[in-house]
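Below: the structure, in structure tokens.
The values are calculated or read from the model by the stated rules, or taken from the named source; none is laboratory data. For clarity, every value in this text was computed on a predicted model and none was experimentally measured. For neighbour counting, all protein chains shown are included, and Cβ atoms are generated from backbone atoms with ideal geometry for every residue, glycine included. Quick note on the areas: whole protein, heavy atoms, side chains included, nothing else; ligands and nucleic acids left out. Shrake-Rupley method; radii C 1.70, N 1.55, O 1.52, S 1.80 Å.
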Amino acid sequence: MTQTANIMCIKWGTLFGPEYVNRLYSGVRRNMTRPVRFFCMTEHAEGLHPDIEVLPLPVEPFAEPMAEALKVANRQGAMRKVSLFRPGLVPDLEGPVLGFDLDVVVTGGLDGIYDLAPETVAMRIDWIEKRKGRVTGHGSVFRFDPAVHGFLYEDIAADPYAEVEKARGSEQRYTSTKALDRGIFTYIPDPWVVSFKYDCNPFPMNYLRPPTLPEDARVVCFHGRPKMTDALTGWSGSFIRYSKPCVWLQEHWIDRSRDDLGGDWA
């Protein structure tokens, strides 16, 4: 029997509408060869596709000291994804979880990421941190196993201020260094998870040609600006990050999702 793939995302607040979750769900299920069980942790479930399982967005018992540490780090509102790591979050869940931020677009097969180095935490190395010679993973795509990696929740619950302070308010630094310290961290290959601004539309080539999609890209991350809605029709909000209209983004993010889910959901 083929194992179901567990997928999770978190949508807090109203910055991203339900279409971001629905399109992510469509992109994931179109790019996996096994059944998909898709969860969204949110306090705003309106407009989500009925096949998406909603998890309530909790107020963690350690929220207050964590928030105080985040203020010191000038990272207000960060670290919400640690709630996904809580042991027993989904009582009947079996196997690893592949998590995504909402500002990503799935463009290729995900089985390799889901199956990569079982029982390790998997993330791509962060682009800026890599240039600085640091080991921090990037949090847009992350794979973990709730049965093995409960420490990602338990450690911050035990001493939230110290853990946030140590990570300098960075959720991805907390997650990756915790796993690295235990020797159970794996880097997702760089070509599989790419940055729109660094890999698809780098300066100064962004002035000479429209954004390109690298051949082996499975996920494109729109961290920072431009976001997907910016890149669709072109963006000039920054001299370095200027973008011509991105034709392939319309197909992968909107058109294929509309064909898959129907126009009401995409």
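Using the crude model of +1 on Lys and Arg Cβ and -1 on Asp and Glu Cβ, and no other charge, please compute the dipole size for the chain relative to its Cα centre, in debye to 20.
Dipole magnitude for the chain comes out near 1020 debye.
Write down the accessible area per residue of the chain in Å², having rolled a 1.4 Å probe over the full set of protein chains.
45 Å²
Could you state the per residue volume, in Å³, of the convex hull enclosing the Cα atoms of segment 145-241?
It comes to 146 Å³ per residue, whole-number rounded.
For the chain, what is the relative contact order in percent, using Cα pairs closer than 8 Å and at least 6 residues apart in sequence?
20 percent
Rg(Cα) of the chain divided by 2.2 N^0.38 Å?
Compactness ratio reported: 0.98.
Rank Lys11, Lys71, Lys178, Lys166 by accessible area, highest first, at a 1.4 Å probe radius?
My answer, sorted largest first, is Lys166, Lys71, Lys178, Lys11.
How long, wide and thick is segment 53-102, going by the Cα atoms along their three principal axes, in whole angstroms, largest first?
The principal-axis extents, from largest down, are 38, 24, 17 Å.
In the chain, if the dipole is taken from +1 on Lys/Arg beta carbons and -1 on Asp/Glu beta carbons about the Cα centre, which of Leu213, Phe151, Trp192 is farthest to the positive end?
Result: Leu213.
Mean 1/r over all different Cα pairs, inverted: what Kirkwood radius does segment 1-111 give, in Å?
15.1 Å
Of the lysine pairs in segment 164-251, how many meet both conditions: Cα atoms under 29 Å apart, and a spacing of 8 or more in sequence or different chains?
So the count of such lysine pairs works out to 6.
Find, among the chymotrypsin sites (Phe, Trp or Tyr not before Pro) in segment 137-245, those assigned to loop by DSSP (not H, G, I, E, B) with at most 12 other beta-carbon atoms within 10 angstrom.
Of the chymotrypsin sites (Phe, Trp or Tyr not before Pro), the ones in loops of segment 137-245 whose Cβ has at most 12 other Cβ atoms within 10 Å are Phe239.
Summarise the accessible area of the chain (1.4 Å probe, protein heavy atoms) by the percent that is carbon and sulfur.
Reported share for carbon and sulfur atoms: 53 percent.
If I ignore ligands, DNA and RNA and count only protein heavy atoms, how much of His44 is accessible to a 1.4 Å probe, in Å² to the nearest 10?
Number for this one is 60 Å².
Can you tell me the dipole magnitude for segment 131-198 around its Cα centre, using point charges on the Cβ only (Lys, Arg +1; Asp, Glu -1), in Debye to the nearest 20?
460 debye
When the solvent-accessible surface of protein heavy atoms is calculated with a 1.4 angstrom probe, in what order do Thr175, Thr212 fall, highest first?
I get Thr212, Thr175, largest accessible area first.
Roughly how far apart, in whole Å, are the Cα centres of segment 194-266 and segment 1-59?
Segment 194-266 and segment 1-59 have Cα centres spaced 21 Å from each other.
Pick out, in residue order, every one of the GluC sites (Glu not before Pro) in segment 1-110 that is DSSP loop and has at most 15 other C-beta atoms within 10 Å; say none if there are none.
Glu43, Glu46, Glu94
Among Gly47, Val72, Val121, whose Cα sits farthest toward the positive end of the charge dipole of segment 47-139 (+1 at Cβ of Lys/Arg, -1 at Cβ of Asp/Glu, about the Cα centre)?
After comparing all options, I get Val72.
Could you report the accessible area of Asp255 in Å², rounded to 10, computed with a 1.4 Å probe on the protein chains as they sit in the structure?
The accessible area of Asp255 comes to roughly 50 Å².
For segment 139-266, give the magnitude of the charge dipole about the Cα centre (Cβ charges: +1 Lys/Arg, -1 Asp/Glu; no others), in debye to the nearest 20.
Roughly 540 debye for segment 139-266.
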